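Worksheet for the structure shown next.
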Amino acid sequence: MSKRGGSEQALALAKGKKIKAAEEVLKQVKALAAQLKSNNEVEKSLAQLNLPYNCREVIDKDTDAVLSEIEAAIYGVAASVLEGEGFSFDIPSRAKGNQMYVPELDRIVLRDSVSKRPFANTATCRKAAITSRILGLVHELVGKRIHVTKRDLFYTDVKLFEDQGQSDAILDDLACMLGCTRSSLNVVASEKGVVVGRLSFREDGDFIDCQRMGVGGKAIPPNIDKVSDISSDAAFILLVEKDAAFMRLAEDRFYNTYPCIILTAKGQPDVATRLFLKRLKSTLKIPVLALVDSDPYGLKILSVYMKGSMNMSYDSSNLTTPDIKWLGVRPSDLDRFDIPQQCRLPMTEEDIKTGRRLLEEDFIRSNPDWVRELELMLASRVKAEIQALSSFGFQYLTQVYLPLKLQEGDWI
């Protein structure tokens, strides 16, 4: 079997459609890339929109600026105590009611609303103590110019924090309060995402060639600030939901036949992968095509990359990658590619509830094609994983499904 062509059986399963030469397959992708590069429209900012309410956004800040913000926050607390108003922090509220989808920006933002976190209150005294402790730890990290993971931060005071989820949430509160990105606080998440394909860059001065990283790929650096000299001859970026599909694409060297960069966060998107994806698209100006499961969670994961997450809406300007195209696996693909019934899984009640909630979201309703696909999924009450394509052969994904989708420009 040739690396490009695939077996006669696989081609027969392509529903009588012949897969053309790689150059022809990529014709529509290259047209999309040309359109992106010719688009000189500057991305709008919140300040330009004159919204009827104030929003809070953060920016990258250097060491001196972060130290100044932390010290100003502590001086503010000291002044409050001296004035007889007690020990208290003013913390931006990240409650769901403050999360807003702004159609002009096509992303979720955080309304500017502040709540008190007093120490002399039984409901908030523990949170106030954790806030003070993490402020001190971050001040030490930034002052020493060193980076730690969120897990390292948690283990500095397990007795106080009790659970990493609590220290993580307070860390986000502090980034929002100080007006800086979480990476500016020198606390990063552990490596999770991986990348492989037609990409090279320098990481803290070391040259990285992602075509020479084997099947496992190169771990996406947790500190994106150390990435420089990004270079690529890829026609597109393929964003993959799951590690299993990533491995198939990497092992088949899909990027050699169809020049691309393949990237995955292995499920729920982490901050480093989201930052890295945005950096790649803004630097290379090539399309991003997404391959996710045909279920509500696949669409939810895609929407986090594109529109942002509720949890980190304060940093959506840095973390969102607009205009990602949904390549597959879409609900309409199940019949179009004759996915066997035994590979179509019944949706659970929780799946259906999640799907219906998604249909109510403004960022979903803003895309009629997404709405149609989601409605089709809910009407059929079936879902399917990317791996369902393996029922036609282990390499059907790389030799038939993806080439056909690219050839026909079948994305939304």
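I'd like to check something: does the range 20-40 contain any residue that is assigned to a loop (DSSP other than H, G, I, E, B) and over 30 Å from LEU402 (Cβ atoms)?
Yes, the range 20-40 has at least one match.
Inspect all residues belonging to the range 126-139 and state whether any of them is in a loop (DSSP other than H, G, I, E, B), of a type outside the set (Lys, Arg) and open to solvent by less than 70 Å² (accessible area, probe 1.4 Å). Explain how you work it out, then say what you get.
We begin by selecting, within the range 126-139, every residue in a loop (DSSP other than H, G, I, E, B); these are none.
Within the range 126-139, not a single residue is in a loop (DSSP other than H, G, I, E, B), of a type outside the set (Lys, Arg) and open to solvent by less than 70 Å² (accessible area, probe 1.4 Å).
Here's the yes/no breakdown for (1) crowded, with 21+ Cβ neighbours inside 10 Å; (2) of a type in the set (Val, Ile, Thr); (3) part of a helix (DSSP H, G or I):
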{"position": "GLY143", "(1), (2), (3)": "no, no, yes"}
{"position": "ILE146", "(1), (2), (3)": "no, yes, no"}
{"position": "LEU160", "(1), (2), (3)": "no, no, yes"}
{"position": "GLN166", "(1), (2), (3)": "no, no, yes"}
{"position": "LEU171", "(1), (2), (3)": "yes, no, yes"}
{"position": "SER190", "(1), (2), (3)": "no, no, no"}
{"position": "ILE208", "(1), (2), (3)": "no, yes, no"}
{"position": "VAL215", "(1), (2), (3)": "no, yes, no"}
{"position": "SER228", "(1), (2), (3)": "no, no, no"}
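State all residues of the range 360-411 that are within 21 Å of the chain's Cα centre (by Cα), of a type in the set (A, V, I, L, M, F, W, C) and open to solvent by 40 Å² or more (accessible area, probe 1.4 Å); if no residue qualifies, say none.
Listed by number, the list holds a single entry, TRP411.
Need the failing condition index for ALA120 against (1) free of Cβ contacts under 8 Å to residues at least 12 places away in the same chain; (2) loosely packed, with under 14 Cβ neighbours inside 10 Å; (3) on the phi < 0 side of the Ramachandran plot, just the number.
Going through the list (1) free of Cβ contacts under 8 Å to residues at least 12 places away in the same chain; (2) loosely packed, with under 14 Cβ neighbours inside 10 Å; (3) on the phi < 0 side of the Ramachandran plot, ALA120 breaks only (1).
Assuming ASN223 fulfils every condition listed in (1) modelled with pLDDT of 95 or more; (2) surrounded by fewer than 16 Cβ atoms within 10 Å (Cβ to Cβ); (3) over 17 Å from ILE286 (Cβ atoms) apart from one, which condition is it?
That leaves (1) as the condition not met.
Just checking, which of GLY193, GLY197 is touching a Cys at 6+ places or on another chain (Cβ under 7 Å) and in contact (Cβ under 8 Å) with a residue 40 or more places away in the chain?
Answer to the selection: GLY197.
Can you work out which of the residues in the range 295-318 that are outside any loop (DSSP other than H, G, I, E, B) and of a type in the set (Gly, Ala, Ser) is farthest from LEU32 (Cα to Cα)?
SER313
Starting from the range 137-149, keep only residues that are under 14 Å from ASP225 (Cβ atoms) and at pLDDT 95 or above, then list their pairs with residues that are part of a helix (DSSP H, G or I) and small (Gly, Ala, Ser) whose Cβ atoms are within a distance under 9 Å, requiring at least 6 positions of separation or different chains.
Qualifying pairs under 9 Å: VAL142/SER184.
Taking the criterion of being more than 30 Å from ARG182 (Cβ to Cβ) and crowded, with 23+ Cβ neighbours inside 10 Å, would at least one residue in the range 294-304 satisfy it?
yes
The values are calculated or read from the model by the stated rules, or taken from the named source; none is laboratory data. Only a predicted model underlies this, so the values are computations on that prediction, with no experimental measurement involved. Glycine also receives a Cβ, built like all others from the backbone with ideal geometry; neighbour counts cover every protein chain displayed. Protein only, heavy atoms only, side chains kept; ligands, DNA and RNA dropped before computing areas. Shrake-Rupley method; radii C 1.70, N 1.55, O 1.52, S 1.80 Å.
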